[in-house]
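Let me begin by presenting the structure, written as structure tokens, before commenting on it.
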Amino acid sequence: MKRSIEELAKERNISPWELLEQFHKAGLPHDSVSMEITFKEWKLFLSHVDEVREEERSKEQARREVKPIDNIILRIIVEFVRMLVNFVWAFVGLFFWVPLLARATTTFSIAIFSSVISGGSTYNAQISLDKATRFYISGFILINGSISSVINGKYIEESNAKRAMLNIRRVLFEALFSLIFWSVTAMAIARYLLG
């Protein structure tokens, strides 16, 4: 049974000439004069396409893999960067964590009070409090895990990379809230100390 190359090209959303060119690249037999191919030739072509796709997938995966660092000087540089980033996070993370924890604790307390009175759920407040509690330590875990994967040459998961994309509105909100929190706290401490 022969099928028209126009039909097959239409199924694949490409022109018949592109399909013939792919056939030619694959080294598969085809009758370009009659523009028809047999079912066997088509199956052979599809298996070739699958092989090419698999090869492209493995090349893409190889590009995403991180090569292990063997050079001692590079390891020293990477460890220095790890210490530097941990040092910066110790202060920046704390700047964000304390206000986040205060807000989550307040929200949770209000949710408990509301739940006791009206019988509502505290689920969202529980999730918020859990995330706030883990925030500071999670930063160190993320830093050290990322740098360890660079040193050991572990595969970096694309799904994790997508999840790590910054949500700029949330970052700006948290920065503004933290700035207001620390400003109010500093004024309260100054007022207490001065008088």
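None of the figures in this text is laboratory data; all of them are computed from the coordinates on show. What you are looking at is a predicted structure, and each value in this text was computed from that prediction instead of being measured. Here the Cβ positions follow ideal geometry from the backbone for every residue, glycine too, while neighbour counts run over all protein chains shown.
Which of the peptides 105-113, 92-100 is most tightly packed, and how do the rest follow, judged by the mean count of other Cβ atoms within 10 Å per residue?
92-100, 105-113
Could you tally the net charge around Val184, taking each other residue with its Cβ under 14 Å from the Cβ of Val184, Lys/Arg +1 and Asp/Glu -1?
Result for the local shell: +2.
How high is the FRET efficiency from Ala190 to Phe91, r the C-beta distance, R0 22 Å, rounded to 0.05?
0.60
Run the numbers for Arg12 and Val81: contour at 0.36 nm per residue of separation, minus the present Cα-Cα distance, in nm.
19.9 nm
³J(HN,Hα) across region 137-148 via Karplus (A = 6.51, B = -1.76, C = 1.60, θ = phi - 60°), whole Hz, x for Gly/Pro?
Each residue's phi maps through the Karplus curve to give 5, 4, x, 5, 4, 5, 4, 5, x, 5, 6, 5 Hz.
Kindly write out, for region 90-96 in residue order, the coupling ³J(HN,Hα) from the Karplus curve 6.51 cos²θ - 1.76 cosθ + 1.60 (θ = phi - 60°), rounded to whole Hz, with x marking Gly and Pro.
Those phi angles translate into 4, 8, 5, x, 5, 4, 8 Hz.
Can you give the FRET efficiency to the nearest 0.05 for Ser115 and Ser138, using r as the Cβ-Cβ distance and R₀ = 25 Å?
FRET efficiency, Ser115 to Ser138: 0.40.
R0 = 41 Å: FRET efficiency of Gln61 with Phe177, Cβ-based, nearest 0.05?
Efficiency for this residue pair is about 0.50.
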